[in-house]
Amino acid sequence: MAVSRLSTQYRVREDVFDNITPNNVVQRDVSAPHGEWKPADWLPVVFTKSDIHSGEDGFVISSGKVVAFDRNNRIVPAGLRAALVGAALTTVTLTYDADDYGYQVTDLVTGAAVASSAGASYTMNQVADAIVERGFVDAATETTSGTVPVATIADCTEVIEAFISKAVGVAAYDIFVWSGRPEDGDQKFTNYSKQHLIQFLTELQMKVPHRCAASTTADAFDISVIDAGALKVTALSGPGDFPAAGEVWLETALDDVARYSVSAEGQAVVAWTLANRPVAKNTSRTPISCDVDGVLTTERTSIGAIKNEGDWYLDAETGLIFTHSDTYATLLAADSDPTFSYYYYTVGAATGASSDRYIMFDGEGKPGDDISYDASSNFCVMGSAEDALGAANVRSIGRLHNVEAEPKGLLDKTKTAFGLAGMSAVSQMPGTATAGYSDLITLATLEDVADEIAIITLKVN
């Protein structure tokens, strides 16, 4: 019988090393969350651009756009949660074209590469059916009705909203069309893969162009009716009064209003109160005009600078156009009814900015407003008509902190290159070539942008 003579005792792993509680920290700073983030392979190409080294490339999400996850944990524009929902089951909400065919984008509905250079278009119902059929969403448990296949707008909406999450952040840069990875076995081209992984940001201070959501060419004044009735204001009627839409105020009334008590005092001016406020600045992108010659001839920088008939000044915030009193007298003598055309800011637009290429702030925002995003993943006022999460949305992704006007820093006095007549905004360098406006404004050519930049503090929880 064997006899054990060894009675040694050992300290083991848990006694020697301090690793009994596994590490559960990924990173402290969550403004740029760590992870193997990839754009969805089914996203259509939004725009293409070229550089001198590699030629043309396709991109699916633009820098600064609000992003979300799809059910496969892939990054997509957050606005698709609303954009894929149509007004009817037969509304086309997803389209692929020749660019998508060329870059071998995966067709969301078929699960294969876009099959033809002619592209493909799919209705809301087809998209929802495909999401269910490809196993991304269980319609039986994730819709209120539990009906399969989905056959109502309500069911399709619930399927799409189950497929695409609410916002998780913003794109840190322009995101290339997904070309796959060799290690994943899905690389589309043997010699083409521009982006291995991507990054989104959850906390950021941003500056984006402020879009003019609306315009009018029909703000008319009946000069004889105004002159003869209550719409012509010659003296202030009481404390707290201010020019109302359609009214024309003479200097004797204007100089009793606190805002104009100094600037209008003794000036030969008349104020025309437009139907909308605030009004966008008069620029080449957002012009202000009148259908009667001689009314808006020379724009001035202040009320006091109005000295002659044809001079005018816009108080954009209040929606008042100031003209010389002789302009008013000439219109009255000829019984000419002026109609003004202009752009203005509003939160009542039914649809938000349509630009998928550049990030925008849309609508009439005030400093301190909570913000959300629209169907094109642009910023808007939370709970406004443009909000992709609906008028009842109370989930803010940040705050509007300021609205700045350009040009700034005397940039309009700085001589810059590529300012020849006929050059596009892409060619012109900010400075005298662009009248002092920055690229943020001049390159936003698909939208109506005047002179304002929205400063946003983003914090997506």
Breaking point among (1) surrounded by 12 or more Cβ atoms within 10 Å (Cβ to Cβ); (2) within 38 Å of the chain's Cα centre (by Cα); (3) among the small types (G, A, S); (4) in the same structural domain as E317 (by TED's automatic domain parsing), for A244:
(1)
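Assess whether G111 counts as being surrounded by fewer than 20 Cβ atoms within 10 Å (Cβ to Cβ) and either modelled with pLDDT under 95 or in a loop (DSSP other than H, G, I, E, B) (or both). Full working, then the answer.
Values: surrounded by fewer than 20 Cβ atoms within 10 Å (Cβ to Cβ): yes; either modelled with pLDDT under 95 or in a loop (DSSP other than H, G, I, E, B) (or both): yes.
So G111 passes the test.
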Here the residues within the stretch 265-299 that are of a type outside the set (A, V, I, L, M, F, W, C), closer than 23 Å to H210 by Cα and in a loop (DSSP other than H, G, I, E, B) are N276, R277, P278, K281, N282, T283, S284, R285, T286, P287
Restricted to the stretch 42-66 and to residues being under 24 Å from the mean Cα position of the chain (by Cα), of a type outside the set (A, V, I, L, M) and assigned to a loop (DSSP other than H, G, I, E, B), the residue farthest from V208 (Cα to Cα) is W42
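Okay, residues lined up against (1) touching a residue at least 24 places away in the same chain (Cβ under 8 Å); (2) farther than 17 Å from F361 by Cβ; (3) of a type in the set (S, T, Y); (4) assigned to a strand (DSSP E or B):
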site	(1), (2), (3), (4)
R399	yes, no, no, yes
G422	no, yes, no, no
A425	no, yes, no, no
I441	yes, no, no, no
T457	yes, no, yes, yes
Within the stretch 211-224, does at least one residue satisfy the condition of being of a type in the set (V, I, T), buried (at least 18 other Cβ atoms within 10 Å of the Cβ) and either in a helix (DSSP H, G or I) or touching a strand residue (DSSP E or B) at 6+ places or on another chain (Cβ under 9 Å) (or both)?
yes
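Being polar (S, T, N, Q), at pLDDT 95 or above and either part of a strand (DSSP E or B) or farther than 30 Å from K232 by Cα (or both) is the filter here; which residues of the stretch 332-373 pass it?
Initial filter on the stretch 332-373 (polar (S, T, N, Q)): 336, 339, 341, 346, 351, 354-355, 372.
If we keep only those that are at pLDDT 95 or above as well, we get 336, 339, 341, 372.
Scanning the stretch 332-373 gives T339, S341, S372.
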(1) closer than 22 Å to A316 by Cα; (2) part of a loop (DSSP other than H, G, I, E, B) all hold for T252 apart from (2)
Given (1) surrounded by 12 or more Cβ atoms within 10 Å (Cβ to Cβ); (2) part of a loop (DSSP other than H, G, I, E, B); (3) without any contact (Cβ under 8 Å) to a residue 24 or more places away in the chain; (4) in contact with a Ser or Thr (Cβ under 7 Å, 6 or more places away or on another chain), where does A235 come up short, assuming only one miss?
(1)
Quick check: is even one residue across the stretch 303-310 outside any helix (DSSP H, G or I), more than 22 Å from G436 (Cα to Cα) and touching a Gly at 6+ places or on another chain (Cβ under 8 Å)?
yes
Only one of (1) in a helix (DSSP H, G or I); (2) modelled with pLDDT under 90; (3) in contact with a strand residue (DSSP E or B) (Cβ under 8 Å, 6 or more places away or on another chain) does not apply to D412, and that is (3)
Return yes when A245 is within 30 Å of M360 (Cβ to Cβ), in a loop (DSSP other than H, G, I, E, B) and either touching a strand residue (DSSP E or B) at 6+ places or on another chain (Cβ under 8 Å) or of a type outside the set (G, A, S) (or both) and no when it is not.
yes
Of residues in the stretch 88-108 being touching a residue at least 40 places away in the same chain (Cβ under 8 Å) and in a loop (DSSP other than H, G, I, E, B), the one surrounded by the fewest Cβ atoms within 10 Å (Cβ to Cβ):
A88
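Between T346, T301, T297, T330, which is surrounded by fewer than 22 Cβ atoms within 10 Å (Cβ to Cβ) and more than 26 Å from L231 (Cβ to Cβ)? Steps first, please.
Numbers: T346 fails: more than 26 Å from L231 (Cβ to Cβ); T297 fails: more than 26 Å from L231 (Cβ to Cβ); T330 fails: more than 26 Å from L231 (Cβ to Cβ).
Testing whether each residue is surrounded by fewer than 22 Cβ atoms within 10 Å (Cβ to Cβ) and more than 26 Å from L231 (Cβ to Cβ) leaves just T301.
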Selection count where residues are crowded, with 23+ Cβ neighbours inside 10 Å and either of a type in the set (F, W, Y) or part of a loop (DSSP other than H, G, I, E, B) (or both), scope the stretch 67-87:
3
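The values are calculated or read from the model by the stated rules, or taken from the named source; none is laboratory data. Because the structure is a prediction, the values reported are computed rather than measured. Ideal geometry is used to build each Cβ from the backbone, glycine not excepted, and the neighbour counts take in all protein chains shown.
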